[in-house]
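Derivation of every value follows stated rules applied to the coordinates shown; laboratory data play no part. Remember, it's a predicted structure, so these values are computed and weren't measured experimentally.
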Amino acid sequence: MSQKRDNCIILLVDPPEADRIGAEFKTAFGPERATHVNNDLLAAAYKLAKNFDGAMLLLSYIKTPRHPDLTWLDPEDPGFLEVKNPASEDRIQDAFRLAFFTGARKAVLVRHLSPELKSDWLALAFEAVSDKTAAIGANQDGSFYLLGLTQQNLKILEAPGFFQGKSAESLAERAKKNKLTVFSTPETYALTSEETLQKWMEEKETLPPLFPHPKEAAHQENRKNHRHHAHHQEAQVQPAPEKPPL
């Protein structure tokens with residue numbers, strides 16, 4: 001229990017509404033589909049963080065009149081930190097500060113757009129983080145999916161600009177300027193395009209895409225109808241039974 005109080009996972013949660021989805025994400029998938037895909041990713045990240053035994057979970061949530069609580073994410077309605085300043089960098093700093101104010105010694109922020117994140121990586125990050133070491137997980141596009149800090153190291157977030165562009169590289173440079181060692185968790189990808197969505201679905205193996213592209217959905221339906229038609233024809237043409245021997 002002591003270790004769980006010492007460690008805190010931070011997850012940023014936005015309500016399932018199209019106007020709360022990033023512009024680039026909506027451009028990639030369309031507003032309605034982007035909301036569904038985003039919710040799938042968020043649900044997966046929440047499940048991973050909730051089931052991680054070695055840390056408390058802090059949810060930073062922007063509530064709205066349509067979604068004033070988190071029952072849409074978890075019927076148990078978990079508590080959350082209500083976001084006062086929706087600007088991403090201020091929101092992240094506020095979440096880290098609250099984590100340390102409530103007694104955590106180490107806090108790891110995870111971003112839900114990287115579906116390959118594993119509990120083992122969280123364990124590695126918590127083990128590595130100290131007043132002399134920051135943990136950073138980089139995506140292939142240069143953004144970060146994980147950031148682990150102690151209260152002593154919050155200074156690397158003081159200047160604006162750490163959440164933009166190649167943010168993993170920017171955070172690593174800030175850490176090194178503050179004489180910190182950088183521990184890197186495995187590189188992965190952020191789901192931001194049709195290609196990365198397909199990659200995620202393929203990794204699920206037996207599960208088909210929940211929200212396929214319209215063209216792909218039509219293709220799958222045609223293949224299904226073709227198989228049904230072929231099976232129907234086979235059922236109609238049965239070989240004549242053999243005559244019994246005289």
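Please tell me which of these pairs span more than 32 angstrom C-alpha to C-alpha: LYS26/LYS47; LYS4/LYS26; LYS50/LYS166; LYS26/LYS106; LYS63/LYS179; LYS26/LYS179?
On the way: LYS26/LYS47 24 Å; LYS4/LYS26 37 Å; LYS50/LYS166 28 Å; LYS26/LYS106 34 Å; LYS63/LYS179 38 Å; LYS26/LYS179 39 Å.
Correct reply: LYS4/LYS26; LYS26/LYS106; LYS63/LYS179; LYS26/LYS179.
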Query raised in the report: Each residue of the range 153-160 in turn: what ³J(HN,Hα) in whole Hz from Karplus with 6.51, -1.76, 1.60 and θ = phi - 60°, glycine and Pro shown as x?
Result: 9, 4, 4, 6, 9, 5, 7, x
Report summary line: Counting every C-alpha pair in the range 85-124, the percent lying more than 14 Å apart is 57
Report summary line: Whole-Å distance linking the alpha carbon centroid of the range 167-196 with that of the range 44-84 is 24
Query raised in the report: From the phi of every residue in the range 139-146, what ³J(HN,Hα) in whole Hz does the Karplus formula 6.51 cos²θ - 1.76 cosθ + 1.60 yield, where θ is phi - 60° and glycine or proline is x?
Result: 8, 5, 8, x, 7, 10, 10, 8
Query raised in the report: Which whole-Hz ³J(HN,Hα) couplings does the range 173-190 yield from phi under the Karplus relation 6.51 cos²θ - 1.76 cosθ + 1.60, θ = phi - 60°, glycine and proline marked x?
Result: 5, 5, 4, 5, 5, 8, 6, 9, 7, 9, 9, 9, 7, x, 6, 9, 10, 9
Requested in this report: Report the dimensions of the range 28-127 along its three principal axes from the alpha-carbon atoms, largest first, rounded to Å.
Outcome: 39, 30, 28
Report summary line: Sorted by chain and number, the residues with a modelled amide H under 5 Å from that of PHE183, at a separation of 5 or more or across chains, are ALA134, ALA135, ILE136
Query raised in the report: Size of the range 35-193 along its principal axes in angstrom, Cα-based, largest extent first?
Result: 45, 36, 31
